[in-house]
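The structure under discussion appears below in the form of structure tokens.
The values are calculated or read from the model by the stated rules, or taken from the named source; none is laboratory data. What you are looking at is a predicted structure, and each value in this text was computed from that prediction instead of being measured. Cβ sites come from the backbone with ideal geometry, for glycine too, and all protein chains shown count toward neighbours.
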Amino acid sequence: MLIDYFINKPQHKVSELSHQMDLQDELKRQHHQAFNYRLKRFAVSKVGIVSAFTAGMGYEALNDPQPKSSKLKQIGRFSWLLRLL
């Protein structure tokens, strides 16, 4: 009875908690893997390419040291590529 109370029951609880932690770690790993997969799929898709190009074009236009009219010219210069995508 004492052996059961002091050794077996706590060991059962420890193994149960260990199993739960392993399940949580596996779920986190699967979630992380699925997120990376979706991120790669989005980056390669047409929408991902267009949005990356648009963001890069806007960033370049905003960081251009020339006046604002040149920003509009730069955006207009690449608009054909945006329509193509």
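Pairs please, first residue from segment 28-42 and under 23 Å from Ala52 (Cβ atoms), second anywhere and assigned to a helix (DSSP H, G or I) and among the β-branched types (Val, Ile, Thr), Cβ atoms under 7 Å, 6+ apart in sequence or on different chains.
none
Take Ala43 and decide whether it is surrounded by 10 or more Cβ atoms within 10 Å (Cβ to Cβ), at pLDDT below 85 and aliphatic (A, V, I, L, M).
The answer is yes for Ala43.
Under 7 Å between Cβ atoms, at least 6 apart or on separate chains: pull out the pairs that start in segment 47-73 with a residue that is modelled with pLDDT under 70 and end on any residue that is acidic (Asp, Glu).
Listed pairs, sorted by first residue: Ser70/Asp64; Lys71/Asp64.
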